[in-house]
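Encoded as structure tokens, the structure appears first; notes follow it.
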Amino acid sequence: MAVKLLMAHTHGSLFVKGDIAKFDAETEKDLVERKIAETYKAPAKSAPAA
């Protein structure tokens, strides 16, 4: 799972609003619960243009 940061946050390094990062499950859960980040799912890849 990955998260998208909703605000600037420091966790080992500086992350800014809009950054997408992967942390361990416990850290990601904590960030989402504190509304610092939201769960991120990568968009589905579309077929290449012909």
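The values are calculated or read from the model by the stated rules, or taken from the named source; none is laboratory data. Here the structure is a predicted model, which is why all the values come from computation and not from measurement. Every residue, glycine among them, receives a Cβ derived from its backbone with ideal geometry; neighbour counts consider all protein chains shown. To get the accessible areas, we keep the full protein, side chains included, count just its heavy atoms, and leave off ligands, DNA and RNA. Shrake-Rupley method; radii C 1.70, N 1.55, O 1.52, S 1.80 Å.
Collect the residues in region 1-22 that are assigned to a loop (DSSP other than H, G, I, E, B) and among the charged types (D, E, K, R), keeping them in residue-number order. Passing the criteria: Lys17, Asp19, Lys22. When region 1-25 is limited to residues that are exposed (fewer than 15 other Cβ atoms within 10 Å of the Cβ) and among the small types (Gly, Ala, Ser), the one that is modelled with the lowest pLDDT turns out to be Gly12.
Among the residues of region 23-40, how many are part of a loop (DSSP other than H, G, I, E, B), within 11 Å of Val3 (Cβ to Cβ) and touching a residue at least 24 places away in the same chain (Cβ under 8 Å)? Qualifying residue count for the region: 1. Restricting region 26-42 to residues that are of a type outside the set (A, V, I, L, M, F, W, C) and in contact with a strand residue (DSSP E or B) (Cβ under 7 Å, 6 or more places away or on another chain), the residue that is least open to solvent (accessible area, probe 1.4 Å) is Glu28.
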